[in-house]
Amino acid sequence: MALALPNELVAAIFHDLDPSTLAIAARASSQFKAVAERILYSSIHITDVLSEQSPHPLKTLWWCEAIRRRPHLCDFARKLYIRWQSDRSVPPVQGQHLLDACEQIEAVVQLLVALESLDLFLGPANLVRGYQDPPIHAIESVIHRCRFPNLQSCSLGADSAKNVQPYTPILTSFLVSSSTLRHLKLCDLRSGLHDLPPEALPQLSSFRGSADAAASILPGRPVRHLSLVGQDSDVNRENLHRMTCTTVPLRYLDLSAMSIRPMLLRNISTYLPTVESLRMKLTLRHTLHYSFSGIRILAGLSSVLSVFHQLSYLDLSPTGIDGVGRADSLEEHALCREWGRACPSLKTIIFPSKTEWILDLNNVWNPA
């Protein structure tokens, strides 16, 4: 005898099941299959590893074919994550099949009008010389006809190299159409988007990308979270100044994707003194303080931290521990007290050793 359960109850039961269990449940009945498919296709996570032996993004192509066979599932898609990773053995000159795969993705993705989160990283696809006239970026070949009225989060990119196809105004047009976007990552956009209209991205609250991209996107927008990628030499006084032109104070700064020299940190403290949370990877080729050894060379940060009057969270865990030497609790406690005097707003410190220290209500630093 079949179970007479409403679809809402079945969906609630299935909601926390892992994909493999859902696939098994889908074979139990036509009702279970319909509910399980809606859940399975609401959040798609695909990673294709490309190699000389397997150069095609097969998982991506299988998903595209599955959607074409079940077009009704497009209405349920909310999150899409596709990442192509290469072992670098795939010769770009033989990679035309990747551009063909991009076209297949585009034919499907443009149908996912209810999408709320889009994460596309197309690996070596943009290293292939395309046949479009005029040429466009591989990512743009996917998004150029897409419009997502409910999109909240978007991450776009591909492997980058010198003289590869840059982004064109297609990217700008896509961002202009994404008025609900709150979180944006553009990992391979090295230059700025100078033609982005002031009224675009009115709800943007976080951005991750290069310094020049940030300098062109942040002004006039309510961005509180900023993550920079690239080299610390890419960050200069000109683009730092433009990063200060947000409509709300920048509160959270993540510099863990680049190696930071003390001089850059001083410039950042000058232009972005409102930062409350700072995460960074220090480069210690030039020691901060020659009179110390081991982790005590970090004592040289005191004068820089004193400029951040609102800094409460400092995370140095991305810094390689070999660069500062292994620390013991006494050295870390001494630094906590020293930095606390220089920056009284500090409440939490994470050292390269990954040890977290917290200032308690009695103004005493203790390991978490």
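So that you can scan it fast, the table gives a plain yes or no per residue for (1) of a type in the set (D, E); (2) surrounded by fewer than 17 Cβ atoms within 10 Å (Cβ to Cβ); (3) farther than 25 Å from G123 by Cα:
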{"position": "S155", "(1), (2), (3)": "no, no, no"}
{"position": "S160", "(1), (2), (3)": "no, yes, no"}
{"position": "N163", "(1), (2), (3)": "no, yes, no"}
{"position": "L181", "(1), (2), (3)": "no, no, no"}
{"position": "L196", "(1), (2), (3)": "no, no, yes"}
{"position": "L204", "(1), (2), (3)": "no, no, yes"}
**OP:** Just give me the residues in segment 353-363 being surrounded by 12 or more Cβ atoms within 10 Å (Cβ to Cβ), in contact with a strand residue (DSSP E or B) (Cβ under 8 Å, 6 or more places away or on another chain) and not in a strand (DSSP E or B), in sequence order.
**Re:** T355
Original post:
Among L40, L17, which is the only one that is modelled with pLDDT of 70 or more, among the aliphatic types (A, V, I, L, M) and on the phi < 0 side of the Ramachandran plot?
Top reply: L40
**OP:** Test each condition in (1) closer than 26 Å to L151 by Cα; (2) modelled with pLDDT under 90; (3) touching a helix residue (DSSP H, G or I) at 6+ places or on another chain (Cβ under 9 Å); (4) not polar (S, T, N, Q) for A12 and report the one that comes out false.
**Re:** (3)
Subject >> Number of the condition not met by V324 [criteria: (1) within 30 Å of the chain's Cα centre (by Cα); (2) surrounded by fewer than 19 Cβ atoms within 10 Å (Cβ to Cβ); (3) at pLDDT below 70] >> reply: (2)
**OP:** Return yes when V176 is of a type in the set (A, V, I, L, M, F, W, C) and either buried (at least 19 other Cβ atoms within 10 Å of the Cβ) or in a loop (DSSP other than H, G, I, E, B) (or both) and no when it is not.
**Re:** no
**OP:** Can you run down the residue pairs with Cβ atoms below 8 Å, 6 or more apart or on separate chains, where the first is in segment 149-162 and free of Cβ contacts under 8 Å to residues at least 24 places away in the same chain and the partner is among the aliphatic types (A, V, I, L, M) and part of a loop (DSSP other than H, G, I, E, B)?
**Re:** none
**OP:** Sort through R208, R190 and tell me the only one that's closer than 17 Å to Q231 by Cα, of a type outside the set (S, T, N, Q) and in a strand (DSSP E or B).
**Re:** R208
Original post:
Which residues, counting only those in segment 43-64, are at pLDDT below 90, part of a loop (DSSP other than H, G, I, E, B) and of a type outside the set (D, E, K, R)?
Top reply: S51, Q53, S54, P55
Subject >> Hits in segment 211-224 (condition: touching a helix residue (DSSP H, G or I) at 6+ places or on another chain (Cβ under 9 Å) and not in a helix (DSSP H, G or I)) >> reply: L218, P219, V223
**OP:** Select from segment 130-170 the residues that are among the polar types (S, T, N, Q) and part of a loop (DSSP other than H, G, I, E, B) and list them in ascending order.
**Re:** Q132, N150, Q152, S160, N163, Q165, T168
Original post:
Within segment 47-85, which residues are among the β-branched types (V, I, T), crowded, with 18+ Cβ neighbours inside 10 Å and in contact with a Lys or Arg (Cβ under 8 Å, 6 or more places away or on another chain)?
Top reply: none
**OP:** Determine whether N366 is assigned to a strand (DSSP E or B) and either modelled with pLDDT of 90 or more or of a type in the set (S, T, Y) (or both).
**Re:** yes
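The values are calculated or read from the model by the stated rules, or taken from the named source; none is laboratory data. All values derive from a computational prediction rather than experimental measurement. So basically every Cβ, Gly included, is an ideal-geometry build from the backbone, and we count neighbours across all protein chains shown.
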